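K.L.:
Before we start, here is the structure in question, set down as structure tokens.
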Amino acid sequence: MASGSIIGVLLIAAVAFTGLSPQFGGKPSKAEQAVYAKSGHYRDGEFVNLVPTSLSTDGNFFSMMWKFLFRKDPDAKPAGPLPMLPLDSLSITRKTPETVRVTWFGHSASLVELAGKNILLDPMLSIEMGPVKWATPNRYNPSLPIGPDQLPPIDAVLISHDHYDHLDYATIRRIKDKVARFYVPLGIGPHLRAWGVAPERITEMNWGNEATVDGLTLICTPSRHFSGRGLTNRNSTLWSSWVMKSATKRLFYSGDGGYGPHFSTIGATYGPFDLTLMECGQYDQQWSQIHMLPEQSVQAARDLRSQMMLPVHWGAYTEANHAWNDPINRATAEAARLQQPITTPRLGEPVTLGAELPSARWWE
């Protein structure tokens, strides 16, 4: 009875905390849920994948969580901070409308410069993650190549899904007044509104929806993942990948997710791509349906007809049971085997199409 009382108190505290902390975001209205129900990807109050998908391939969620929490690889974290090239807003703004440049900040946060526009992908630019700092991974580096306050004006923020390592409350609060518009999958609008983003600057999109921004086309495309920020809102928001097109160049960002036929479909419909930013890290065979293994990330780039692959979703946090540099070692080996061009920038090192691309094995 004592143990049951303790567990009950903890559950009540957790539910109360979920309701009080702004980190958890907002909730959709009944009218918004009715819109989601017409999306074609919403069933019984939750968004669903295009193909059957499980969080754990063996169906044992508790075994998966035990392994994740208590069986860490001895090289799960680097011995010290990773090499980083500091940036400032002036260096970023030195460009022409023809410049196509991507700067990776670590994990999945990246700045894409395309068609003269600044596009920020999944801006997790905080050192700490989530509402409970002691329970979430620490960033390898004590700082980033550029902080939220130093960013230049942003034309578009693209969000792939609402997990804490991709949608960061503190970052959104700091950049919201310099962002012209947020483009997000269905259901993420309530989070942004709760954090002070003006509703008229939020565009929620379903898979297949397109938006145009002065010569730039943004297309919300599928991924194979899941969503949720609390104990009671699993899959309450949609997850996505993104296509970014100018008159002459095509870029793709995978977001998070498992391997699936959607990559070939996107490649056939919108490709070939000049550059693809591909999830490559924080994986495990047990949850491979929601996070690709490195070899699958390379194959997905091939499916997309990618002329150059940039691995992301690594180099910042340990969220899985592999060595911190295992993703890039395996991805570069598989890319060499399949003859898939790949670029490997340091944190903050620009990747400029038409120029020599970073290829040093700096993580070794």
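The values are calculated or read from the model by the stated rules, or taken from the named source; none is laboratory data. Computed from a predicted structure; not experimentally measured. Cβ placement follows ideal geometry from the backbone for every residue including glycine, while neighbour counts extend to all protein chains displayed. Note: areas computed on protein heavy atoms with side chains; ligands, DNA, RNA excluded. Shrake-Rupley method; radii C 1.70, N 1.55, O 1.52, S 1.80 Å.
K.L.:
Would a scan of segment 17-25 turn up a residue that is modelled with pLDDT of 95 or more and of a type in the set (Ser, Thr, Tyr)?
P.N.:
For segment 17-25, residues modelled with pLDDT of 95 or more and of a type in the set (Ser, Thr, Tyr): absent.
K.L.:
Please go through (1) under 24 Å from Phe24 (Cβ atoms); (2) among the aromatic types (Phe, Trp, Tyr); (3) open to solvent by 10 Å² or more (accessible area, probe 1.4 Å); (4) in a loop (DSSP other than H, G, I, E, B) for Tyr183 and return the number of the only condition it doesn't satisfy.
P.N.:
(4)
K.L.:
Let me ask something additional. Quick check on this structure: which one of Ile219, Ile172 is in a helix (DSSP H, G or I) and in contact with a helix residue (DSSP H, G or I) (Cβ under 8 Å, 6 or more places away or on another chain)?
P.N.:
On the way: Ile219 fails: in a helix (DSSP H, G or I).
Just one listed residue meets the conditions, Ile172.
K.L.:
Show the residue pairs that are 6+ apart or on different chains and have beta-carbon atoms under 9 Å apart, the first residue being within segment 244-271 and assigned to a loop (DSSP other than H, G, I, E, B), the second being modelled with pLDDT under 95 and among the aromatic types (Phe, Trp, Tyr).
P.N.:
Gly258/Trp287
K.L.:
Here is a follow-up. Could you please tell me which pairs satisfy a Cβ distance under 6 Å, a separation of 6+ or placement on different chains, a first residue in segment 22-40 that is open to solvent by less than 50 Å² (accessible area, probe 1.4 Å), and a second residue that is in a helix (DSSP H, G or I) and at pLDDT 95 or above?
P.N.:
Listed pairs, sorted by first residue: Gln23/Tyr169; Gly25/His191; Gly25/Ala194; Gly26/Pro190; Gly26/His191; Gly26/Arg193; Gly26/Ala194; Pro28/Pro190.
K.L.:
Could you go through segment 204-211 and let me know if any residue there is touching a helix residue (DSSP H, G or I) at 6+ places or on another chain (Cβ under 8 Å) and in a helix (DSSP H, G or I).
P.N.:
no
K.L.:
Would you pick out the residues in segment 120-169 that are small (Gly, Ala, Ser) and either in a loop (DSSP other than H, G, I, E, B) or out of contact with any Lys or Arg (no Cβ under 6 Å at 6 or more places or on another chain) (or both)?
P.N.:
Ser126, Gly130, Ala135, Ser143, Gly147, Ser160 - these are the residues of segment 120-169 that are small (Gly, Ala, Ser) and either in a loop (DSSP other than H, G, I, E, B) or out of contact with any Lys or Arg (no Cβ under 6 Å at 6 or more places or on another chain) (or both).
K.L.:
Let me ask something additional. Mind listing just one residue for me: the one in segment 86-109 that is in a strand (DSSP E or B) and buried (at least 22 other Cβ atoms within 10 Å of the Cβ) and, of those, nearest to the chain's Cα centre (by Cα)?
P.N.:
Going through the qualifying residues, I end up with His107.
K.L.:
Report the residue count in segment 80-110 for those that are more than 26 Å from Asp256 (Cα to Cα) and at pLDDT 95 or above.
P.N.:
Looking only at that region, the number is 1.
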